[in-house]
Amino acid sequence: MVKPRIILHIGLPKTATSTLQQYIFPKLDLVYLGVKQPREQYQEPLYNEVMDYICSKEPEGKQLEVVKSQVKDFLEKSSKTLLLSEEMLVVDEGNINWQTKLNRLASIFHDFDVELLVTVREPIKAAFSFYVELFNNVKYEFPDFSTFLLNSNKAKIYNYKYLDEVIMNNFPKSRVKYIPFELIKSESIYLKEVFDFLDVESKESFSLVDSNYKKKTEKGVQSSPKTLGNIFYNFTQTSLYRHLSKLSFLKKALRPLILPLLKIKLSAGETVPFPSDSEIKEYEILFNESGEYLFTKVGIDYREVVKASRKGD
């Protein structure tokens, strides 16, 4: 039997990762082992085992070998491409930083030939959008965007030279493909880049859905209201939740009861101010190396698209 390709999608936050996971990847002719969106639904057992090891505060002694064995058994049953997609691979959770997560991911697939698909975005816009998304959970530690961008380990994923160093240190022999979010301005180009790398043909036409709409004003972007869902989302990232999620009968029984509660608002959204022109110029200088480095990796010169997106957004 021909060995299946193994592709790890490291989708940085705010690069249409959730949209790909919900509307595109599950419909392709491959074995999709990534997170199913929305996250509250049933997840594949092997996905849970992989993420449980990666996100564990202190993995159990034999946990790595067990997960590696499960992955091997899974691969032996299929000749189709295996695609694992999860943006939480590059998001800090509690005491587990994203650098540790990538190291653990590499440990799982150390004995396999893997390829990496990394979806990226112009660093300053991506980091600001990510900050708005995280605002309810980080506003006390990082009360403004500047503090977040310059001091948070979460924002280091958008330093692309550093990100690439971390990736290559963990996957030194892997083929890595970077695809810029800016190509989404033309859906056909963005999806073509994704499909070409995955080596799949689409038998249907896809349209990317904007699932992260935020209200904008002249002064900034409105953060989402804080709800019980924010608290529950944090819970879904824990090992306990991943263990409980294996009990499908429990999730099926509780889902109708829990979903209405998740929408209960605890506080109204707040306006997160746009960075000023002078701040943007400062950030552009600081992140110039990151942006320039990215252009050398993506294989597509999309600088004019970036400029247009800045004016439009």
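The values are calculated or read from the model by the stated rules, or taken from the named source; none is laboratory data. This structure is a prediction, so every number in the text was calculated from the model and none was measured. So basically every Cβ, Gly included, is an ideal-geometry build from the backbone, and we count neighbours across all protein chains shown.
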Every listed condition ((1) closer than 16 Å to Ile280 by Cα; (2) more than 16 Å from the chain's Cα centre (by Cα)) holds for Asn95 save (1)
Residue hits (segment 43-66; in contact with a Ser or Thr (Cβ under 8 Å, 6 or more places away or on another chain) and loosely packed, with under 13 Cβ neighbours inside 10 Å) are Lys57
Segment 26-35, residues that are charged (D, E, K, R) and in a helix (DSSP H, G or I): Lys27
Against the definition (part of a helix (DSSP H, G or I) and loosely packed, with under 14 Cβ neighbours inside 10 Å), how does Ser69 come out, yes or no? yes
Check whether at least one residue in segment 64-82 is in contact with a Cys (Cβ under 7 Å, 6 or more places away or on another chain) and among the aliphatic types (A, V, I, L, M), and report yes or no. no
Among the residues that make up segment 8-25, is at least one of them closer than 28 Å to Val132 by Cα, in contact with a Gly (Cβ under 7 Å, 6 or more places away or on another chain), of a type outside the set (Gly, Ala, Ser) and assigned to a strand (DSSP E or B)? yes
Which residues, taken from segment 101-152, are among the hydroxyl-bearing types (Ser, Thr, Tyr) and free of Cβ contacts under 8 Å to residues at least 60 places away in the same chain? Ser107, Tyr140, Thr147, Ser152
Asp144 - would you say it is surrounded by fewer than 18 Cβ atoms within 10 Å (Cβ to Cβ), modelled with pLDDT of 95 or more, out of contact with any Phe, Trp or Tyr (no Cβ under 8 Å at 6 or more places or on another chain) and among the charged types (D, E, K, R)? yes
I'd like to verify a number: residues in segment 60-93 that are without any contact (Cβ under 8 Å) to a residue 60 or more places away in the chain and either touching a Lys or Arg at 6+ places or on another chain (Cβ under 6 Å) or not charged (D, E, K, R) (or both), how many? 9
Kindly indicate whether Leu83 is in contact with a strand residue (DSSP E or B) (Cβ under 6 Å, 6 or more places away or on another chain) and not in a helix (DSSP H, G or I). yes
Please pick out the residue among Ile179, Ile157, Ile167 that is within 16 Å of the chain's Cα centre (by Cα), outside any helix (DSSP H, G or I) and of a type in the set (A, V, I, L, M, F, W, C). Ile179
